[in-house]
Each structure stands twice: as C-alpha cells, then as structure tokens.
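Scroll down for the structure; my scribbles are underneath it.
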Amino acid sequence: MIDLSENQSSRRKRVTFVTFQLGGGGAEMQLLRLANTLDRKTFEVSVIVFRSGGSYEPLLRDDVTLVSLNNPSKVSLIHKMAQALRRLDADLVCAFLDIPMATVFLARPLLSRRPVLVGCVQAPPTIVYGSDQPRKLQMFLRFYGRILPKIDHVIAISEGVKDDIRSFAPSALPQTEVIYNIGVDDRLRKAAEEPVTEVMPSRPLIVACGRLNYQKAFDVLIRSFALVRKEIDAELWIIGEGEKRGELEALIDKLNLSASVRLIGFRQNPYQIFASADLFVLSSIFEGFGNVLVEAMACGTPVLSTICPHGPSEIITDQESGILVPVGDVPAIAEGIIKILTDRKLSARLAAAGKQRAEDFSPAVITAQYSQTFEQLIEGDAR
C-alpha cells in the first residue's frame, strides 16, 4: 500500500506512462525504451494500456508495473482510467498519442490528488488526419486546440511536430518542448548482432520497415525499385504488416517483381536484417520523427529517406549521414538507391556517419532530457 504521508523528496518519484497498447509502432517503442531506461534510483515506473497483449509487453523490465484497462467501452473509459490512476497514485503521467492524452485529461478531475500531466505528441496531427478526413481533422483541431494549452507540459518529438502544434494550439507553445525519440539502445545493439534467421540473398539487399499503410508509401518504393531492377540485380524486403498488403502484392505481380520483392511480415527483431542489408529506405509521406531511420543508422546501414514532414531532415544531413529525396518522386528514389548501391566509398561513408549520428539519440542523451523535465515538473508541482 502506498503511504500518502510519505515525504515526496525522500521517496522515488512515481511516473506512469499511458498508451493504447504496447506493440507495433514507433510511439509504443519509444514508451518502452523510456520506461526501461529511466533511473530507478529516482523513478518508480508504471504503464497503463487500454488493452493488453501487445508484442512489446514481454520486453518491459520486471520492475515496471503494467495495468490494463481491458479494452474498455467508450462509456467506461474515463472511469476506468481514473481507477487505474488512483491505484498507481503517480506524481506524473506521460500520455502518448491523442486519445490516451485526452482520456487522462478528462479522468484527472476525478482524482483527489492530481498528477502532473505530460502529453507526448508523436505525430503531426494536421497531417495525420489531413485533407482526406476533413471532418475528423476539424473535430481534432477544436478539441485538442482547447486541451493542449491546459496540459501541464507538452513534448513534441521533432521541431516539425512543434510547428504543427503552433498551427492549431499556439497558446500551448510556452509549455511545449522538443525532445527527440530514443533511436538506439543496448537491446537494439545486441539484437543487431544476432544471426539472421532468414536466408539472405547473394545480391544487394534493400530493406524497408513499417506498417503496410498509406503513410509509408511502399507502393512508391516498389515502383522505384522496378526502375532500380533495370540497372541492378537487387532484392527488396519490406518488413511489417497492414491493410495495404493485398494492394502491394497486386502491384508486385503487376510489375513482375515477385522474384525480387518480399513482404516478410512483422519481425520482433528487424535489426539483424537491417544490419545485414546494403541499404535502408524510408519512403514515407509523413512521419512524426522517423525512429526506424535512427535504428537502421545505428545498425551501420546506409539510409535513404524522403524529405517528408517531419523528422528525416532533422535526423539526416543530406549526402553526409544519408541521402534525402523528394516525397513521392519515383525516379529520384530509384536514382538515390542506385547511387548508394554502386558507389562503395559513398555507402561506407554514409554508414559510418549515420552510425555516429545515431548515438545522439541514445538513452544517455534522450532519457536524461526526459528525466530532467519530469523532475522539474514534479518538484515544481510539489512547491
């Protein structure tokens, strides 16, 4: 049982992270890495998920308390969140993504002791909902435009995401700071050194990774690869699952690429494949940050990325730590791929510089920034 009379300065600070589910995406991986790397001498860590069973759950440290709301209905969601928060009695709650953030915001008034609320914005909202969902976008802008300024602190994962917040919630900017995501840790380094379970091709291998959805634009990458194949006998592997699998398979067949393009599904450890590849490509239309770019760079693999909003241009210096190309530009992507695969000196230089750059996103750097922010907010709230 938690002793509420305990002097806050003499005990560890209680931090609770909140998200939908621990599995599948970059936001969830960032939460996992933060929960695992916060200093236990300073923090006691817990995680609330809307539903359990996520693929990242087994990777949580044993000393992290995991609480599931058991897939609550919309009617019971806020009540169940308040119950979980009351049980954990956190000093600070860090909510990842928009709906978890809003849920904690609405549940907090039901608590006798209200924790500091930090919202971690992991994607550019106006682009996520975009022009194809105008009604949803307007609802979002009205609702979150009111909520964000009332949250104690907002963390944007890139300067681009902060600019996006400025466009619909400018009054939230005074309490908004940019902290990049953790892109490399010891678990990744060890995983990258594990033997590859796949049969690796003898020809050059290009790898991409992400949900098979509209955002990742793997259709554009496949069309670019069709041009590459006219110059180089290479192979393309796409790691991930999603709703666009059927469409991508049809495109692969249409372009007669079945013998050289593989959709290999989700991998718990994609890093061993990254490390064995000749090139990693990110073809996205948009990102919040681009975790997977840093992960590939940390594996010592040269990278090529679209200059999408937001993240890649903040991670990569063009022609130094990677190559940047316009979004959706099939010929430019193909040209960049061919350039890297045919110029060994360039490839080696990009790989070395990229690996060095990836260390700027290590827990030693990023977790330290979160820790400082959390401590300042908790201590400021206690005064």
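Just a few scattered comments:
- Amide H to amide H distances under 5 Å link G322 with T317, where only residues 5 or more positions off or on other chains count and H is placed in the peptide plane.
- Long-range Cα-Cα pairs in region 39-102 (distance over 12 Å), rounded percent: 73
- The chain - percent relative contact order, Cα under 8 Å, separation 6 or more: 14
- Ranking S305, T342, V220 by Cα position along the charge dipole of region 186-360, where only Lys, Arg, Asp and Glu carry charges on their C-beta atoms, puts T342 farthest toward the positive end.
- Of the peptides 114-123, 163-172, the ranking by mean beta-carbon count within 10 Å, highest at the top, reads 114-123, 163-172.
- P(r) tail, region 187-273: Cα-Cα pairs separated by more than 23 Å, 23% of all pairs.
- If you take the Cα centroid of region 242-269 and the Cα centroid of region 47-74, the two points sit 31 Å apart.
- Spatially proximal lysines relative to K254 (Cα-Cα < 17 Å; intrachain offsets below 8 disregarded): K230, K244
- Counting beta carbons within 10 Å around each of S73, S224 and listing the fewest first gives the order S73, S224.
- C-alpha long axis of helix 363-382 to longest principal axis of the chain, angle in °: 20
- 3J(HN,Hα) couplings calculated from phi for region 50-63 with the Karplus curve 6.51 cos²θ - 1.76 cosθ + 1.60 (θ = phi - 60°) are, in sequence order, 5, 9, 8, x, x, 5, 8, 3, x, 8, 5, 4, 5, 8 Hz; Gly and Pro show x.
- With each label modelled as a point 7 angstrom along the Cα→C-beta vector, the V365-R349 pair spans 2.2 nm.
- For region 67-75, Karplus couplings with θ = phi - 60° (6.51, -1.76, 1.60), whole Hz, Gly/Pro x: 10, 9, 7, 6, 6, x, 6, 4, 5
- Here the dipole of the chain is about 920 debye; that uses its Cα centre as origin and unit charges on the Cβ of Lys and Arg (positive) and Asp and Glu (negative).
- Our Cα-only numbers for the chain put the radius of gyration and Dmax at 21.5, 72 Å.
- Under a 5 Å amide H cut-off, with hydrogens placed 1.01 Å from N, E287 pairs with H310 among residues at least 5 apart or on other chains.
- Residue-wise HN-Hα coupling along region 99-104, computed from phi with Karplus coefficients 6.51, -1.76, 1.60 (Hz; x: Gly, Pro): 5, x, 4, 5, 5, 5
- Applying 0.36 nm per residue to the separation of E320 and D163 and subtracting their alpha-carbon distance, the gain on full extension is 54.0 nm.
- Between V116 and L92, V93, the built amide H atoms are under 5 Å apart, and every one of these is 5 or more places off in sequence or on another chain.
Bear in mind that the values in this text are calculations on the coordinates, not laboratory data. The shown structure was predicted, so the numbers you read here are calculated from the model rather than taken from an experiment. Every residue, glycine among them, receives a Cβ derived from its backbone with ideal geometry; neighbour counts consider all protein chains shown.
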